[in-house]
Amino acid sequence: MNRLCCLLAIWLGPLAAFALDASIQPVLFRHPEGGGILELNLHIVGSTITFDTIGADSLQARARVRLLLQHEGRYLIAEKVELKSPVSPRPVHFIQQWRFAIPEGDYRLEVQVTDAADPANTAAWSGPIRCHFGESRISQSDVQLLQAFHPAAERGPFVKNGFFMEPLPFDFYPRNTSRLIFYNEIYHSDRVLDGPFVLTWRVQALLPDGTARAVMIGHRKKEPAPVVPVLMQADISKLPSGKYRLEVEVRSADKELLSQKSVVFRRANPWLDISRDSLATMPLQDEFVARLDSAELRYSLKAIAPLVNDHEGELLNTILREGKLEAQRLFLFHYWARRSPNKPEAAWQAFMEVARAVDRKFRSGFGYGFETDRGYVFIKYGAPDDIVTVEDEPDAPPYEIWTYNYLPRTGQTNVKFLFYNPSLAGGDFRLLHSTARGEVNNPRWEVELYRNSPNEIEGTNYLDGTRMQDKMGRRARRLMSDF
């Protein structure tokens, strides 16, 4: 796939209305009756084309497009089209798609896009189109990168095989994008193969020294058919900024390479590996943390306290104690940018919904609900799989046992947390014992829980004993050991 100039605007953003920024993506598919279907997708960046006033408060842009497809010295396609953007109160991006049936052969495509209100504002692209699918071998369409897709009930532009597929402009994934989505079609596998084949896709980082290094790979088993559509997506939230090549291969069951297609794309992920020192020099005025006042900042920082490591915890305490708003904004943004580099604000918002709910649920008058022991565990490990609440057991204050079937943080199964309320104050539950690695582990938890019966310790070692005598109504030991 290819794009129109100018490349600079991809990285620096629209420069001005006189620098038309447009992307043309020719994608070749096989026609059911032979030959190919040339699909052209044009995307125009709204801020780089002139929008004229339409009515009282609406704007509209017009672009003149010239399409030329040359084959063996003559033009198979020669069209001039005027496109109109949607009517809008502000400049918007707009896209257009064309589909042409072409015979097999070699072609040259030329596209020119001109701002109708400013003929000097133009962009142009030209390149070869090779249509060679054949009839007796496995072949593939071009690999089409997508920005999004969703099921479509009706036929129409951008719809293939029941899905609306929005092309990715400029073959470029910006930092707020977390998914690589691509579409490909495989032809004639039923004529060549008698059984299943393997579809392999890989993403290779194109390094400055000219070499390539595989960073992602996937395999899918497919059954032969006249046309095998492939619509796939992969998580690229942790893919660093750089240039990449996506390869899609068709291999037989014994790994023989039968066909391959590839496409190059670029990725911007500026917050992924950035250090705190580097981040400190970058402006945050356009990020979500700039909109938070001192109370919201402090609340957000206290909410993430259960999630930070020991080193970060010391720094967080210092930042909260000193009260410097810019330092607080820097810490909060750095935390979420490292964990969700594509959408730090969305990750923060989703977390804060949980934090506010935890605050309401466990607030006890001794701080925020997420600062209580139960709130801390909920924030750090999520909702337990089971909760047993005991309020009327003889010789014991109210207590709760939370069970996690599996803790990803520690890799443990059947993890227990025992909270108890020795003060009997509303909601004042404290963590007495846990089987989770790194949390409070109290071998004498049973003695502490039933401290109102000091003469009922099992055995004769009253100072170091760890178990209480079994007694009617005492359930804690059984509940803590149940699977």
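The values are calculated or read from the model by the stated rules, or taken from the named source; none is laboratory data. The structure presented is a predicted model; accordingly, all values stated were derived computationally and were not measured. Reconstructed Cβ throughout: ideal geometry from the backbone, glycine too, with neighbour counts over all protein chains shown.
Computed values, structure above
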| read-out | value |
| --- | --- |
| Any strands (runs of 3 or more DSSP E) falling wholly within the stretch 345-441 and containing at least 2 residues that are assigned by TED's automatic domain parsing to the domain that holds MET472, among the hydroxyl-bearing types (Ser, Thr, Tyr) and at negative phi | 399-407, 412-420 |
| Residue match in the stretch 201-208 (condition: at pLDDT below 90 and more than 20 Å from the chain's Cα centre (by Cα)) | yes |
| Condition check for GLY156: surrounded by fewer than 19 Cβ atoms within 10 Å (Cβ to Cβ), more than 16 Å from the chain's Cα centre (by Cα) and modelled with pLDDT under 90 | yes |
| Every residue from the stretch 417-460 that is of a type in the set (A, V, I, L, M) and either within 23 Å of PHE378 (Cβ to Cβ) or out of contact with any Lys or Arg (no Cβ under 8 Å at 6 or more places or on another chain) (or both) | LEU418, LEU424, ALA425, LEU431, LEU432, ALA436, VAL440, LEU449 |
| Close pairs from the stretch 100-111: first assigned by TED's automatic domain parsing to the domain that holds ARG66, partner in a strand (DSSP E or B) and exposed (fewer than 13 other Cβ atoms within 10 Å of the Cβ), Cβ under 8 Å, at least 6 apart | ASP106/PRO128; ASP106/ARG130; TYR107/PRO128; TYR107/ARG130; ARG108/PRO128; LEU109/PRO128 |
| Identity of the residue in the stretch 204-231, in contact with a Gly (Cβ under 9 Å, 6 or more places away or on another chain) and buried (at least 17 other Cβ atoms within 10 Å of the Cβ), that ends up nearest to ARG30 (Cα to Cα) | PRO224 |
| Which numbered condition MET480 fails, given (1) under 22 Å from GLU371 (Cβ atoms); (2) touching a strand residue (DSSP E or B) at 6+ places or on another chain (Cβ under 8 Å); (3) surrounded by 14 or more Cβ atoms within 10 Å (Cβ to Cβ) | (1) |
| Strands (runs of 3 or more DSSP E) completely within the stretch 78-180 that count 3 or more residues being farther than 28 Å from VAL198 by Cβ | 94-102, 105-115, 118-131 |
